[in-house]
1. Name the single residue, out of those in the stretch 1-31 being without any contact (Cβ under 8 Å) to a residue 12 or more places away in the chain and of a type in the set (Val, Ile, Thr), that is surrounded by the fewest Cβ atoms within 10 Å (Cβ to Cβ).
2. When the residues of the stretch 32-68 are filtered to those that are touching a residue at least 24 places away in the same chain (Cβ under 8 Å) and farther than 14 Å from Met1 by Cα, which remaining residue is surrounded by the fewest Cβ atoms within 10 Å (Cβ to Cβ)?
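Every number here is computed from the coordinates shown, using simple stated rules; none is lab data. Here the structure is a predicted model, which is why all the values come from computation and not from measurement. Cβ placement follows ideal geometry from the backbone for every residue including glycine, while neighbour counts extend to all protein chains displayed.
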Amino acid sequence: MLGDKIRQIRIEKGLSESELARQSGHAVSTIHGIENGDNENPGFKLIGDIAKVLGVLLDTLYQQLDHH
């Protein structure tokens with residue numbers, strides 16, 4: 001799941017949800033919603049902003065995901 005991958009990378013980078021939110025310019029509730037699966041279809045720009053803060057390519061976040 002995308003949220004699991006974001007959480008995993010965020011923790012590896014030593015960032016809290018609030019720090020990721022601050023750096024990406026999005027609300028903590030938005031980040032939390034993605035990570036816990038409440039927001040299952042986040043926008044492309046949002047994921048792009050998160051990827052930029054995490055220092056990963058969008059492909060990294062989307063690989064291994066099962067898109068139907």
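1. Ile11
2. Among those that are touching a residue at least 24 places away in the same chain (Cβ under 8 Å) and farther than 14 Å from Met1 by Cα, it is Gly55.
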